[in-house]
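Reviewing the structure listed below.
Derivation of every value follows stated rules applied to the coordinates shown; laboratory data play no part. In this text the structure is predicted, and so the values were computed from the model without any measurement. A quick note on method: Cβ atoms are made from the backbone with ideal geometry, for glycine too, and the neighbour counts reach across all protein chains shown.
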Amino acid sequence: MEFNVEINHLSKAIGKKKIIKDLSLNIKKGEVFGLLGPNGAGKTTTIRMIVGLIGITSGSVKICGHDVKINHKEALENVGAIVENPEMYPFLSGLENLNYFSRMHKGISNEKIEEIVEFVNLEGRIKDKVKTYSLGMRQRLGIAQSLLNNPKVLILDEPTNGLDPAGIKELRQYLQTLAHEKGVTVIVSSHMLSEIELMCDRVAIIKAGELIAIENLKGKTEEKYYQFKVTPIDKAQELLSKEYQLSSEVTEGLLEFQLPNSNLGIPEIVKLLVGNNIAIYSIEPKENSLEDKFMNLTMK
Ligand SMILES: Nc1ncnc2c1ncn2[C@@H]1O[C@H](COP(=O)(O)OP(=O)(O)O)[C@@H](O)[C@H]1O
Ligand SMILES: [Mg+2]
């Protein structure tokens, strides 16, 4: 497994306040990885440490094998990032901005710039002044700028902020193409679960500076949680446990359980319950969505 970003026991303290606590994450080549957490969770602080904008209190960040603390230059050569608002000159055209930023790197040809402009769909407007751009266009220009040095890792802090639904969809498509077709590691942060769910292959949920969970969002499995309305409910619970070693919960009067990935299916469960004189009134699949988990984790 090739990891482009390796975060090990990363912590950040400012004064006496611990902002990031022992965060460890490995992010793969060619995946869109989300950092999801409510405002104040520590997403921006984490990203700022990854891209070397602020110091690391303890732990380490490696980018393409280079330690950000020790081999700062080699590590950051591989990174393109937009943290908070990208710096653009409003009175220059989009192209003039890109030409200006391209001088900060070595050997970026006009063809390369053209290719990037095409990739972010700004050909038609690239000669217009940036002050006439919509927010979505500025965002795309920002992405174009961060792609100038052919980064292996692209990091965007809350990139969907202020974008309309069409802009968000477009951004999602760019980022997925970059990751899945060009092998770039894309890291995005958001406090919006729905966006992360659509955009990312994997997500880390962060709360109060701590990693709460890492979830796979690609090839999500079929809904395997079920809710049964049955009486008597305690007897049903006991049977499931005894016969099939299924642990169940009672939520709002419904018996809730997850089927294991085996041949055990609903027909077997129904047979067991009915065969033991338990009345079944309804059976419903329940999607174990990220939303439930996110809510459970962040609201507690
Ligand atoms: N320079 C700083 N000094 C003190 N506290 C800070 C500083 N920067 C961030 N914080 C605090 O760290 C926490 C995480 O902030 P941040 O990383 O911006 O969260 P997020 O990006 O997830 O909204 C917040 O409680 C914030 O107030
Ligand atoms: Mg932030």
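Some notes on this structure:
- Helix axis angle, 233-244 relative to the chain longest principal axis, alpha carbon, degrees: 80
- Where a label projected 7 Å from the Cα of Ser60 along Cα→Cβ would reach, residues of the stretch 142-171 with amide N under 20 Å: 153
- Distance-filtered residues of the stretch 172-197 - backbone nitrogen under 16 Å, label point 7 angstrom along Glu6 Cα→Cβ: none
- Taking every lysine pair in the stretch 112-236 that is 8 or more places apart or spans two chains, those with Cα atoms closer than 17 Å amount to 4.
- When both the stretch 256-278 and the stretch 135-207 are represented by their alpha-carbon centers, they are found 43 Å apart.
- Counting only Cα atoms, the size of the chain along its three principal axes is 78, 46, 33 Å, in decreasing order.
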